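Undergrad: Shown below is the structure under consideration.
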Amino acid sequence: MRVVVAGGTGLTGRLVVEELRQGGHETVVLARSRGVDLLTGQGLDDALAGCDTVVDVTNVGTMRRAAAVEFFGTTAATLTAAAARAGVGHLLVLSIVGVDRADLGYYVGKRRQEELVTGGPVPWTVLRTTQFLEFAGQLLAASRGPVAVLPRMLSQPVAVGEVAARLAELATTAPAGYARELAGPEQLQVADMARAELRARHQRRLVLPVRLPGATGRALAGGALLPQGDHDTGRRTFAEHLGAVAA
């Protein structure tokens, strides 16, 4: 099977490509460094020629609503239209558990992506997962200075390797609509994760959890980003993740 991975040079994408190749599938990576621009469509038609499935794990580093909606809306529209022209039989998109229960700017962008894919002409699958085990470390990296101000948030983090394995599995089966959500094995406060991450890295910073205002803050603190109902559960714990970080 020939599978195209949009965002295949990123954290998740690299692992998806590796999983697919180990399974004997041909992979094509879509990235600007490979001559393909999902915002403009440059190089996209040639890259999709003869492919069976497209996996979209593209990402953008912003929490601003306008920027997130612009990025995910544009890339989803461009990719869906090109996939339809190429006769692609399956478009698989990675999304987030609770994306429709919190109005963070990034989440609004992901909702726009889902809308375009699920309402488009290409048969589709959407896999929603919880935040990755790396999430707290990413928030720490984005917060400068001796005090790390983080949102008060309850999470059920999952290993990105387990997400990649599930995406590779879904990519090589028939379109499934909304797949069963995937979450990690334990519920943790993001601030506690950040403190443990700092200890594992032998770093000293103050972690200050702050509840965001309004409905969004209530949603994050109250577990709106946890799976609700039937879902699949990964095995790797945050402690195991920290063991690798410390090593």
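Undergrad: As a check on your grasp of the helix formula, calculate [θ] at 222 nm for the chain: sum -39500 (n - 2.57) over DSSP H runs of n ≥ 4, divide by the residue count, round to the nearest 500. Write down the numbers at each step before the final one.
TA: Working: 9 runs with 101 residues, N = 247.
Mean residue ellipticity at 222 nm (helix-derived): -12500 deg cm²/dmol.
Undergrad: Taking the alpha-carbon centroid of each part, what is the distance from region 58-121 to region 200-243 in angstrom?
TA: Rounded to whole Å, the Cα centres lie 23 Å apart.
Undergrad: Something else now. Report the residue, chosen from Asp52, Asp37, Asp230, that carries the largest GNM mean-square fluctuation when the chain is represented by alpha-carbon nodes joined by springs under 10 Å.
TA: Asp230
Undergrad: Counting only Cα atoms, I'd like the Rg/Rh figure for the chain, Kirkwood definition for Rh.
TA: Radius of gyration over Kirkwood radius for the chain works out to 0.97.
Undergrad: Considering the options Ala200, Ala219, Pro175, tell which one lies farthest towards the positive end of the dipole of region 135-247, charges being +1 on Lys and Arg and -1 on Asp and Glu at the Cβ, about the Cα centre.
TA: It is Ala200.
Undergrad: Give me the dipole magnitude in Debye, nearest 20, for region 151-247 about the Cα centre, with unit charges on the beta carbon: positive for Lys and Arg, negative for Asp and Glu. Each step should come with its number before you reach the end.
TA: Working: 12 positive and 9 negative charges, 121 e Å.
That gives a dipole near 580 debye.
Undergrad: Which of Val99, Val149, Val158 moves most in a GNM of the chain, Cα contacts under 10 Å?
TA: So, out of Val99, Val149, Val158, the one fluctuating most is Val149.
Undergrad: Also, I was wondering about something else. So who's got an amide H within less than 5 Å of the one on Arg236, skipping anything under 5 residues away but keeping other chains? H placed 1.01 Å off N, in plane.
TA: Under 5 Å from the amide H of Arg236 lie the amide H atoms of Ala159, each far enough along the sequence or on another chain.
Undergrad: Taking every pair of alpha-carbon atoms in region 21-70, what share in percent sits in each 5 Å bin, from 0 to the bin with the longest distance?
TA: Bin by bin from 0 Å, the calculated values are 4, 15, 23, 23, 16, 10, 6, 2.
Undergrad: Okay, moving on. Between Leu150 and residues 5 or more places away or on another chain, which pairs have amide H atoms under 5 Å apart, with H built 1.01 Å from N, and which residues are they?
TA: Distant-sequence amide H within range of Leu150: Leu208, Val210.
Undergrad: Quick one: with all protein chains in place, what share of the accessible area of the chain is carbon or sulfur, to the nearest percent (1.4 Å probe)?
TA: Values: 5670 of 11230 Å².
For the chain, the apolar C and S fraction of the accessible surface comes to 51 percent.
Undergrad: How large is the translational diffusion coefficient of region 109-247 in µm² per second when you combine the Kirkwood radius over alpha carbon pairs with Stokes-Einstein at 20 °C and 1.002 mPa s?
TA: D = 130 µm²/s.
Undergrad: Size of the dipole of region 102-216 about the Cα centre, Lys and Arg at +1 and Asp and Glu at -1 on the beta carbon, nothing else charged, in debye to 20?
TA: 520 debye
Undergrad: Loop-only check: which GluC sites (Glu not before Pro) in region 107-208 are DSSP coil with at most 15 other Cβ within 10 angstrom? Walk me through the intermediate numbers first.
TA: Numbers: sites: Glu114, Glu115, Glu134, Glu162, Glu169, Glu181, Glu186, Glu197; in loops: Glu134, Glu186.
Filter output for region 107-208: Glu186.
Undergrad: Give me the orientation-averaged projected area of the Cα convex hull of region 85-126, in nm², one decimal.
TA: Quarter of the Cα hull surface area: 3.1 nm².
Undergrad: May I ask you to evaluate 6.51 cos²θ - 1.76 cosθ + 1.60, the Karplus curve with θ = phi - 60°, for each residue of region 227-236 and list the ³J(HN,Hα) values in order in whole Hz, giving x for glycine and proline?
TA: x, 10, x, 4, 7, 9, 10, x, 10, 6
Undergrad: Further question: Let me spell out the model: positive unit charges on the Cβ of Lys and Arg, negative unit charges on the Cβ of Asp and Glu, origin at the Cα centre of the chain. What dipole size does that give, in debye rounded to 20?
TA: For this selection, approximately 1000 debye.
Undergrad: Sticking with this one: Could you run the Karplus curve 6.51 cos²θ - 1.76 cosθ + 1.60 with θ = phi - 60° over region 46-59 and give me ³J(HN,Hα) per residue in whole Hz, x for Gly and Pro?
TA: 5, 5, 8, 4, x, 8, 9, 9, 10, 10, 10, 10, 5, 8
Undergrad: Do you know the relative contact order of the chain, to the nearest whole percent, from alpha carbon pairs under 8 angstrom that are 6+ apart? Write out the running numbers ahead of the final one.
TA: Details: 505 pairs, mean separation 47.4, N = 247.
Over the chain, the number comes to 19 percent.
Undergrad: Accessible area per residue for the chain in Å², computed with a 1.4 Å probe and the full protein assembly in place, what is it?
TA: On the way: 11230 Å² over 247 residues.
Value for the chain: 45 Å² per residue.
Undergrad: Net charge within 9 Å of Gly105 by Cβ-Cβ distance, Lys/Arg positive one each and Asp/Glu negative one each, not counting Gly105 itself? Don't jump to the answer; show the numbers that get you there.
TA: Details: positive: Arg64, Arg65; negative: Asp103.
After counting each charged neighbour, the total is +1.
Undergrad: Helix by helix through the chain, keep the DSSP H runs that span 24 Å or more along the axis on Cα and average at least -0.5 on Kyte-Doolittle, and give those back in order.
TA: Answer set is 65-86.
The values are calculated or read from the model by the stated rules, or taken from the named source; none is laboratory data. What you are looking at is a predicted structure, and each value in this text was computed from that prediction instead of being measured. As a convention, Cβ positions derive from the backbone with ideal geometry for all residues, glycine included, and neighbour counts pool all protein chains shown. Protein only, heavy atoms only, side chains kept; ligands, DNA and RNA dropped before computing areas. Shrake-Rupley method; radii C 1.70, N 1.55, O 1.52, S 1.80 Å.
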